[in-house]
Amino acid sequence: MTHDDDRSLTQALEAAREAGRRCAMATIVATKGSTPRKVGARMIVDPDTGLVGTVGGGCGEAEVIEAAYRVIETGKAQRVNVDLTDDLVSWSPAVCGGVMDIFVEPVSPGPS
Amino acid sequence: MTSLHPAEAARLLVETPERGGSVVVATVVGDNQCTGNRIALIVIESEEPELQGSLSLKSGTDSVIQLMKDILENPRASDGLHELTIADHLSEVYIEIRRPVQELVVVGAGHIAQPLAHLGALLGFQVIVIDDRPEFATRERFPSAEKVIRADFSDPFRETPLHTRSHVLLVTRGHKYDYACLIRALRMDPPPAYIGMIGSRRRVRATYVQLLEEGMAHALLDRIHAPVGLDIGAETPEEIAVAVAAELIMVRRGGTGASLKGVERIVERFFKEDK
């Protein structure tokens, strides 16, 4: 993650918090093999405003977004294992052959 | 104190390096009674280390704090997962670390400065460009720079004082300007991390003669990287910028600057032809 990435994520998190919106944050905590993004890559899923950042474009991101909605609903963090090894025949330009271990957590609105 | 909110942790990751400090954020991501809890350890030189947030546990926080301290001590540490026993349960902690932001101060906003500023930003430097000509010191010419400053070369660092994380590149349009800025950079105490100056052999020699005449200590001359950059035969401004950027990486990582082919000699060592 570059300093600029850190900065835009901070802004997204603070905006959601100030507006009192509940959202979710996904972080790649480990990878195996070839993955589009590396450890530390982050994505905020904000049901009202959409996505900030990415954990890998087409490759398995849909799975993460689904998990994020579950996390927002239940308020409970989840680990998602995204296996991209069986995705080699897809037409996605982001095709790759690794596994991503992603932590998806709820981000509560309002003051902590 | 409760678990650090993700927004607060994110802010610490951005702001601490900008203040010249280091920060480690630990998040419990393994299955645990405190999954999702987050704490941060902030270390800024000349200040007491500060812990923010807490884990919702009666005990076990100590092992996480110890891990964070170990990470800080390890210059090669990067973001990643660590297995850890927290309150008698084996769990996983995700660690994020950010070190003080390194700064690249490009003095002179001419045609070499532009690719230099780009490459510097790409390498994670916070780039500051300084020139005395308002038509050159513009944001439009340096979109990836953090700051573009119009300042007189007689006192170029007044607005942005140099520090130990500064890497100074002197690429002004004239020898006398480079010299004026060089002498200021050399007199900084503590000295900046790197001082590089562009110029031909003749120009560099002339500068050193002048510095010695000025009473500058001989040992200080050796601190200057001049002519700046690695010897890769660079000619265009872009190529020169790459040569300079390569030298910055070399200084940062402690490389030799030699071609890896020559260092490894794989053909010679492993594939000798039978005569």
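Values in this text are rule-based calculations from the coordinates and carry no lab data. Small disclaimer: the values here were computed from a predicted structure and weren't measured. Glycine gets a Cβ as well: all are built from the backbone with ideal geometry, and neighbour counts include every protein chain shown.
Using only Cα atoms, figure out Rg for the protein assembly as shown and give it as a multiple of 2.2 N^0.38 Å.
1.17
With a cut-off of 8 Å between alpha carbons and a minimum separation of six or more residues, what is the relative contact order of segment B:6-98 in percent?
Value for segment B:6-98: 31 percent.
Tell me, what does the Kirkwood hydrodynamic radius of segment B:199-275 come to in angstroms if you use every pair of distinct C-alpha atoms?
Answer for segment B:199-275: a Kirkwood hydrodynamic radius of 15.3 Å.
To the nearest 0.05, what FRET efficiency results for B:ARG133 and B:VAL263 with a Förster distance of 56 Å applied to their C-beta separation?
0.85
Put a dot 7 Å past each Cα toward the Cβ at A:LEU51 and B:LYS176; how far apart are the dots in nm?
5.8
Cross-link partners among aspartates and glutamates for B:LYS147, C-alpha distance below 12 Å, same-chain residues fewer than 8 apart left out?
Leaving aside aspartates and glutamates fewer than 8 places away in the same chain, those within reach of B:LYS147 are B:GLU103, B:ASP131, B:GLU159.
How big is Rg to Rh over chain B, alpha-carbon atoms, Rh as the Kirkwood inverse-mean-distance radius?
Rg divided by Rh gives 1.09.
How high is the relative contact order of segment B:116-237, given as a whole-number percent (alpha carbon pairs under 8 Å, six or more residues apart)?
18
Need the list of aspartates and glutamates near B:LYS69 for cross-linking: C-alpha distance under 17 angstrom, and skip anything on the same chain fewer than eight residues off.
Candidates past the 8-residue exclusion: B:GLU45, B:GLU47, B:GLU48, B:GLU50, B:ASP79, B:GLU83, B:GLU92, B:GLU96.
Which of B:MET68, B:MET216 has the fewest other C-beta atoms within 10 Å, and how do the rest follow up to the most?
The order, fewest Cβ neighbours first, is B:MET216, B:MET68.
As an exercise, use a Förster radius of 41 Å and the Cβ-Cβ distance of B:ARG223 and A:GLN11 to find the FRET efficiency, rounded to the nearest 0.05.
Efficiency computed from Cβ-Cβ geometry: 0.55.
For segment B:4-102, which GluC sites (Glu not before Pro) are both in a DSSP coil and crowded by at most 11 other Cβ atoms within 10 Å?
Loop-located and lightly packed - B:GLU45, B:GLU47.
What trypsin sites (Lys or Arg not before Pro) does segment B:53-97 have in DSSP loop regions with at most 12 other beta carbons within 10 Å?
For trypsin sites (Lys or Arg not before Pro) across segment B:53-97 that sit outside H, G, I, E and B with at most 12 neighbouring Cβ atoms in 10 Å, the list reads B:LYS58, B:ARG76.
Taking the Cα centre of segment B:103-253 as origin, sum charge times position over the Cβ atoms of Lys and Arg (+1) and Asp and Glu (-1), and report the length of that vector in debye to the nearest 20.
Value, rounded to 20: 140 debye.
Going by C-beta contacts inside 10 Å, put B:ASP132, A:ASP48, B:ASP31 in order with the fewest on the left.
Exposure proxy ranking, most exposed first: A:ASP48, B:ASP31, B:ASP132.
Treating each Cα of segment B:1-105 as an identical point scatterer and ignoring solvent, apply the Debye formula and state log10 I(q)/I(0) at q = 0.16 Å⁻¹.
The Cα Debye sum returns log10 ratios of -0.65.
Percent relative contact order of chain B, based on C-alpha pairs within less than 8 angstrom and at least six residues apart?
Relative CO of chain B lands at 12 percent.
Tell me which lysines have Cα within less than 25 Å of A:LYS76's Cα, excluding those fewer than 8 residues away on the same chain?
Here the lysines satisfying the reach criterion relative to A:LYS76 are A:LYS38, B:LYS58.
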